[in-house]
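The values are calculated or read from the model by the stated rules, or taken from the named source; none is laboratory data. If you're wondering where the values come from, they're calculated on a predicted model, not measured in any experiment. FYI the Cβ positions are ideal-geometry reconstructions off the backbone, even for glycines, and counts take in every protein chain you see.
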Amino acid sequence: MTPSAAIAATPRSRRPTFNPTIVGLLVAAGAFVIFWLCNGGFDAGRGDFFYLADAFLHGRTWIVSPLGPNDVIVVNGHTYVPFAPFPAIVLMPLVALLGPLTADQVESGVNAFLAATVVFLAWWTSGRVGVGALKDRFALAVLLGFGTQILWVTTRGGVWHTGHLVAMILTLLLIGEMFGKRRAILMGLLVGAAFLTRAPVAFAGPVVALWVIRDDVLARGRSLGDRVRALPWADWLWLIVGFAPALVFFFWYNLDRFGSATESGYALATLPPWLEQLRQQGLFGLVHVPMNLEYLFLKLPAFTGEFPYMRPDGLGMSVLFTSPGLLLAVLAPWRDRRSWLLLLAAVLILIPTLLYYGGGWLQFGYRYFLDSIPFVWTLGALGVARRGQVPWWGWTLIGWSVLMGFVAVYWAYNLH
């Protein structure tokens, strides 16, 4: 056979037909439309981050627009936002262009864009993890964007939920870098930014430090001294350098607002009476663990005979019921230490969440688990990459998860 004949005989399936990046952008564009259709009719009335961004632009840490009555802090006549400030930093260019009021008025579009970015980064990250088939990358992107509480927080909007979207973006960028060039300073910066967005994500930092250790350092037969010398000391230093600006900003921000470098404001925010009673038992404490475990794994909605045939109470709902597609994580290659590190990151991030008093109300599912979900989801992506495809039962669980996502949209407008 001549070379030209051999080329002609090459199966067409081996030739790239579509550019994966362009397909991913089209998927994200479609997701943006769906997100905006879902959230366009809901007004959370709490665009705190836009007004905080305006405050930063004017050299202040307090906001001048009336908010509340809950989840605000008033000290010496100034109103402060208790929530971590990095989303406001992200929104500063938009607020500088439109002003805080107009930016607040288009919050549904802003959140739809952030959620669509999550979908695109899920597409991109799954490729970095090793998922080749476009249909499998599509399934994983849809699972994360529409089969978890991402759809709920995007639909409900408000200061409580925008932070989740920004944190998810930062965490996916971090995971993509972990499976990419593993530039230590960039990973440190991303962990720091995530810490200033959703503080529990900072607990992924130790896992990142373990991630950069080369496999040969852990090989058998090497002396302890050789292993210590071969540890990535320079990478660890750059991780610290990358994380340090966020820590410095955190201390300065608290000191400027409350006169204490360690007072974040969560202990000072106004709350409804029933939440205040929980906080009086401790901002963090073992007493809250049974409640949070129930919300995360056990709690189910009340089933009814009227559409949509279930009614949540807004306190929480089992992730096994709302997002069973995440069970793809069981396919992860457990002989690969990276799988165990991803699981460790998910667990470490979950610890402060389980100890926290709030529970995440009002919610469909358990939205605080969103901080851990990127690592659980990546385990599923690793499993799909190892297996070569999403199994039939995986598609079924993803389908159920997406169905629950859109049921959540219904309750976003009808649950009070």
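Whether any residue in the stretch 131-139 is under 30 Å from Met92 (Cβ atoms), of a type in the set (Val, Ile, Thr) and crowded, with 17+ Cβ neighbours inside 10 Å is what I want to check. No, the stretch 131-139 contains no residue that is under 30 Å from Met92 (Cβ atoms), of a type in the set (Val, Ile, Thr) and crowded, with 17+ Cβ neighbours inside 10 Å.
Every residue, every condition in (1) modelled with pLDDT under 85; (2) assigned to a helix (DSSP H, G or I); (3) of a type in the set (A, V, I, L, M, F, W, C), yes or no:
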{"site": "Gly221", "(1), (2), (3)": "yes, no, no"}
{"site": "Ala234", "(1), (2), (3)": "no, yes, yes"}
{"site": "Ile240", "(1), (2), (3)": "no, yes, yes"}
{"site": "Phe243", "(1), (2), (3)": "no, yes, yes"}
{"site": "Ala246", "(1), (2), (3)": "no, yes, yes"}
{"site": "Phe251", "(1), (2), (3)": "no, yes, yes"}
{"site": "Ala261", "(1), (2), (3)": "no, no, yes"}
{"site": "Gly265", "(1), (2), (3)": "no, no, no"}
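Against the list (1) touching a residue at least 24 places away in the same chain (Cβ under 8 Å); (2) farther than 22 Å from Leu341 by Cα, the condition Gly259 fails is (1). Collect the residues in the stretch 386-411 that are of a type in the set (Gly, Ala, Ser) and buried (at least 22 other Cβ atoms within 10 Å of the Cβ), keeping them in residue-number order. Result: Gly394, Ser401, Gly405, Ala408. Restricting Leu315, Leu344, Leu355, Leu348 to residues that are crowded, with 19+ Cβ neighbours inside 10 Å and in contact (Cβ under 8 Å) with a residue 12 or more places away in the chain narrows the list to Leu348.
Across the stretch 75-99, what is the number of residues that are closer than 16 Å to Arg46 by Cα and among the β-branched types (Val, Ile, Thr)?
Kept after step one, since they are closer than 16 Å to Arg46 by Cα, are these residues of the stretch 75-99: 79-85, 87-88, 91, 95, 99.
Those still in the list that are among the β-branched types (Val, Ile, Thr) too: 79, 81, 95.
Residues meeting the conditions: 3.
Of the helices (runs of 4 or more DSSP H) lying entirely inside the stretch 35-147, those containing at least 3 residues that are under 30 Å from Gly383 (Cβ atoms) span 107-129, 134-146. Only one entry of Thr61, Thr79 meets the criterion of being touching an Asp or Glu at 6+ places or on another chain (Cβ under 8 Å) and either charged (D, E, K, R) or closer than 16 Å to Ala269 by Cβ (or both), and that entry is Thr61. Entry remark, the stretch 262-284: residues being closer than 15 Å to Gly68 by Cα and exposed (fewer than 13 other Cβ atoms within 10 Å of the Cβ) number 2 in total.
Quick grid of which residues meet (1) basic (Lys, Arg); (2) over 18 Å from Val201 (Cα atoms); (3) not in a loop (DSSP other than H, G, I, E, B):
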position	(1), (2), (3)
Leu348	no, no, yes
Gly360	no, no, no
Gly365	no, yes, no
Tyr368	no, no, yes
Phe375	no, no, yes
Leu379	no, no, yes
Leu382	no, yes, yes
Gln389	no, yes, no
Ala412	no, yes, yes
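Of the residues contained in the stretch 60-76, one or more are found to be charged (D, E, K, R), surrounded by fewer than 16 Cβ atoms within 10 Å (Cβ to Cβ) and modelled with pLDDT of 95 or more. Taking the numbered list (1) modelled with pLDDT of 90 or more; (2) more than 18 Å from Asn111 (Cβ to Cβ); (3) surrounded by 13 or more Cβ atoms within 10 Å (Cβ to Cβ) in turn, Phe42 passes all entries but (2). For His164, the conditions (1) in contact (Cβ under 8 Å) with a residue 60 or more places away in the chain; (2) within 19 Å of Val33 (Cβ to Cβ) are fulfilled apart from (2). Each residue in the stretch 197-243 was checked for being exposed (fewer than 11 other Cβ atoms within 10 Å of the Cβ), of a type in the set (A, V, I, L, M, F, W, C) and in contact (Cβ under 8 Å) with a residue 60 or more places away in the chain, and 0 pass. Out of the residues in the stretch 212-260 meeting the condition of being among the small types (Gly, Ala, Ser) and touching a Leu at 6+ places or on another chain (Cβ under 9 Å), tell me which one is farthest from Leu174 (Cα to Cα). Filtering the stretch 212-260 for residues that are among the small types (Gly, Ala, Ser) and touching a Leu at 6+ places or on another chain (Cβ under 9 Å), the one farthest from Leu174 (Cα to Cα) comes out as Ala246.
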